[in-house]
Amino acid sequence: MSSPDVIIIGAGPSGISMGYTLKHKLGFDDFTIYEKLDGVGGTWRTNTYPGVGCDVPTILYSFHFNLNPNWSKELCDGPEILDYMEDTVDKFDLRKHMHFSTECLGATWNQSINKWDVHVRDKKTRLEFTRRATVFISAVGGISYPRDVKFEGMESFKGAMFHTARWDHSIDYTGKRMAVIGNGCSAAQVVPTVVKDAAFVKQYARSPQWYHERPNRNFTKAETWAFRYVPLWERWKRLQLFLENDDLVSTYMPGVKAEARRVKVEDHAKKYIFSRAPEKYHHFLIPDFPLGCKRRIFDPNYLDALNEPNLDVVPEGINAIDETGIIGVDRKKDDFDIIVLATGFQVQQFLTPMEVLGKDGKSLNQQWKEHRGAQAYMGSYIHNFPNFAILFGPNTFPAHNSALFSCEVQIEYVARTLLAPIINRRAAVIEVKSTAENQWVNGIHEQLKGSVFQAGCSNWYINEFGRNAASWPGYASTYWKETLVPRSGVFVSRGGSRMWGFNALGRWMRTTSSTTYGLGVVLIMLGLWRRNSEFRDVLKRIYRGILAQIKGLMG
């Protein structure tokens with residue numbers, strides 16, 4: 001049997017975490033990570049627009065294996081997070097496994113040799129080539145491919161036009177007239193930043209949002225000292241933040257109690273919005289849909305920015321774009337130097353633009369269309385696609401908790417159910433059963449019924465078929481518990497070696513730390529001490545002999 005090897009697509013947070021797991025937890029070095037960008041970081045390298053930052057506390061948005069005691073504040077900006085990603089890659093010696101500016105075009109399962117033919121293209125030389133792997137993992141994430149929009153005449157615009165995820169830093173917006181199309185999280189971060197220097201900013205915000213306070217203070221020296229030197233202090237704070245964020249999900253579920261709690265949070269949000277925004281915007285800022293139907297926005301000073309005299313927000317769409325500006329649906333024309341598309345990402349297109357062909361030659365996109373949207377068992381495995389896993393896949397998006405936590409939970413699950421058995425050679429091919437996949441997915445969609453995610457608003461959770469292929473229906477902690485439950489009859493496997501147990505033992509010995517070995521020895525000796533009087537007598541004699549020698553040397 002040939003040696004297994006692994007190809008990972010994407011060097012964002014999930015790709016980095018998977019690389020760490022392979023190298024340091026599974027003791028496996030034969031893996032390669034291909035990344036289309038020129039470096040690590042994924043969405044944090046792609047999104048460099050003014051004001052970019054994280055709306056999840058950065059202590060929580062951290063790798064479990066590399067907590068950072070040096071965060072500057074509670075909610076850090078994009079550049080600081082990207083530096084943390086870079087430092088993590090170097091700290092754990094992952095960079096040598098990575099190939100940058102190399103785009104994955106797709107992959108094909110080669111049934112005759114039970115391997116994946118992965119098709120890639122060097123973006124610098126434009127050379128296309130194929131690499132083979134026993135296991136193929138997509139770590140491209142859900143926030144990686146910008147959602148492009150089409151407006152009549154937009155190709156005729158003579159000024160600068162770009163998506164927030166493709167921000168053109170060669171364009172100076174100082175003293176310019178800018179249009180921002182969209183009002184999601186990225187728009188809420190961009191607008192208060194650019195309005196300070198632009199001559200005029202007009203935001204086309206067709207759909208309202210729920211806004212909430214976003215307290216964001218710098219950590220004190222005492223806090224940073226405690227993170228660095230007090231054992232487990234940062235982990236304890238991280239756990240507190242996780243539980244606080246996870247508790248927000250209780251407002252999204254069906255039922256009288258959830259609705260009462262949701263109304264209470266909505267009332268608090270209304271008071272906050274009215275206290276910050278000018279009265280002329282009050283009539284359209286408050287949504288007519290329940291809290292959580294769209295992703296909530298923790299206000300990065302956006303509502304305060306609405307008071308600026310050079311900012312105008314209109315709750316309408318766009319009819320057309322011409323050479324000099326935008327024509328709104330009210331037929332009013334405004335001229336602009338710059339148009340910013342804050343239109344989000346193609347979250348439902350999990351592997352865009354790759355084409356992955358399974359064992360029957362059918363593409364993954366075609367199979368998903370037959371199911372009215374993307375689906376995967378535990379958000380990870382798809383029938384007809386053996387030795388293949390998706391990270392941050394369908395129905396794994398936490399409502400308001402750390403996406404990195406969900407990814408790491410999923411990585412541990414994939415490591416346990418796919419990677420370890422193949423590396424140990426317990427099996428050569430592992431595939432989820434179609435019945436197991438369909439039953440799990442149907443159960444998820446049953447839980448989503450009546451939740452706020454499907455309350456009728458226009459959001460990125462719902463696909464073109466009206467199906468929610470993004471949201472996890474409950475607490476992030478529940479997803480973690482789900483992955484820990486052993487289930488029989490889920491996978492079909494074949495091949496492998498009868499000696500796999502020795503491989504597993506050898507790998508365990510290589511990856512187990514000296515601390516664990518030492519603790520094991522201490523526990524064994526404590527057990528013998530309690531149960532065996534002869535063992536206690538032997539230790540006592542050894543102890544007395546050592547004392548006698550010490551006294552002799554000092555004598």
Flagged pairs (Cβ under 8 angstrom, 6 or more apart or on separate chains; first in the stretch 392-404, without any contact (Cβ under 8 Å) to a residue 40 or more places away in the chain; second surrounded by fewer than 24 Cβ atoms within 10 Å (Cβ to Cβ)) are none
Within the stretch 395-421, restricting to residues that are of a type in the set (S, T, Y) and part of a loop (DSSP other than H, G, I, E, B), the one that is nearest to W500 (Cα to Cα) is T396
Residue set F298, F227, F274; condition under 26 Å from K196 (Cβ atoms) and more than 22 Å from the chain's Cα centre (by Cα); output residue F274
Within the stretch 368-384, restricting to residues that are within 13 Å of W440 (Cβ to Cβ) and among the aliphatic types (A, V, I, L, M), the one that is farthest from the chain's Cα centre (by Cα) is I382
Those residues of the stretch 103-136 which are out of contact with any Ser or Thr (no Cβ under 9 Å at 6 or more places or on another chain), of a type in the set (V, I, T) and open to solvent by less than 10 Å² (accessible area, probe 1.4 Å) amount to V135
When the stretch 186-201 is checked residue by residue, the ones that are open to solvent by 50 Å² or more (accessible area, probe 1.4 Å) and farther than 14 Å from D337 by Cα are K196
Of the residues in the stretch 55-84 that are part of a helix (DSSP H, G or I) and among the hydrophobic types (A, V, I, L, M, F, W, C), the one that is least open to solvent (accessible area, probe 1.4 Å) is I81
Selection over the stretch 90-144 where residues are β-branched (V, I, T), over 20 Å from A374 (Cβ atoms) and either free of Cβ contacts under 8 Å to residues at least 12 places away in the same chain or not in a strand (DSSP E or B) (or both) yields a count of 3
Please work out if G328 is closer than 28 Å to E213 by Cα and either in contact with an Asp or Glu (Cβ under 7 Å, 6 or more places away or on another chain) or surrounded by fewer than 19 Cβ atoms within 10 Å (Cβ to Cβ) (or both).
no
If we keep only residues of the stretch 451-500 that are β-branched (V, I, T) and at pLDDT 80 or above, then the residue nearest to P287 (Cα to Cα) is V452
query: Taking the condition surrounded by 20 or more Cβ atoms within 10 Å (Cβ to Cβ) and in contact with a strand residue (DSSP E or B) (Cβ under 6 Å, 6 or more places away or on another chain), does I8 pass?
result: yes
K91 passes all but one of the listed conditions (1) open to solvent by 30 Å² or more (accessible area, probe 1.4 Å); (2) of a type outside the set (F, W, Y); (3) touching a helix residue (DSSP H, G or I) at 6+ places or on another chain (Cβ under 7 Å); the exception is number (3)
Selection from the stretch 257-288 of residues closer than 22 Å to N310 by Cα and in contact (Cβ under 8 Å) with a residue 12 or more places away in the chain yields I273, R276, A277, P278, Y281, F284, L285
Filter the stretch 83-109 for residues that are closer than 12 Å to F136 by Cα and not hydroxyl-bearing (S, T, Y); the one that is farthest from the chain's Cα centre (by Cα) is W109
S451 vs. criteria open to solvent by less than 30 Å² (accessible area, probe 1.4 Å), polar (S, T, N, Q) and closer than 23 Å to A107 by Cβ
no
Going through (1) assigned to a strand (DSSP E or B); (2) open to solvent by 20 Å² or more (accessible area, probe 1.4 Å) one by one, R372 fails only at (1)
Screening E266, E259, E279, E323 for residues that are of a type outside the set (A, V, I, L, M) and open to solvent by less than 50 Å² (accessible area, probe 1.4 Å) leaves only E266
By residue number, the members of the stretch 284-301 that are in contact with a strand residue (DSSP E or B) (Cβ under 8 Å, 6 or more places away or on another chain) and open to solvent by 40 Å² or more (accessible area, probe 1.4 Å) are F298
Within the stretch 202-219, is there a residue that is over 30 Å from Y281 (Cα atoms) and open to solvent by 10 Å² or more (accessible area, probe 1.4 Å)?
-> yes
Flagged in the stretch 422-443 as in a helix (DSSP H, G or I) and crowded, with 20+ Cβ neighbours inside 10 Å, in numbering order, are I422, I423, E437, W440, V441
Check your understanding: Quick one: would you say T343 is under 20 Å from T193 (Cα atoms), in contact with a Lys or Arg (Cβ under 9 Å, 6 or more places away or on another chain), hydroxyl-bearing (S, T, Y) and in contact (Cβ under 8 Å) with a residue 40 or more places away in the chain?
Key -> yes
If you go through D360, D304, the only one that is open to solvent by 50 Å² or more (accessible area, probe 1.4 Å), charged (D, E, K, R) and part of a loop (DSSP other than H, G, I, E, B) is D360
Sole miss for P398 among (1) crowded, with 21+ Cβ neighbours inside 10 Å; (2) in contact with a Lys or Arg (Cβ under 8 Å, 6 or more places away or on another chain) is condition (2)
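The values are calculated or read from the model by the stated rules, or taken from the named source; none is laboratory data. Everything numeric here is computed off the predicted structure, so don't read it as measured data. Here the Cβ is made from the backbone with ideal geometry for all residues, glycine too, and neighbour counts use every protein chain on show. Note: areas computed on protein heavy atoms with side chains; ligands, DNA, RNA excluded. Shrake-Rupley method; radii C 1.70, N 1.55, O 1.52, S 1.80 Å.
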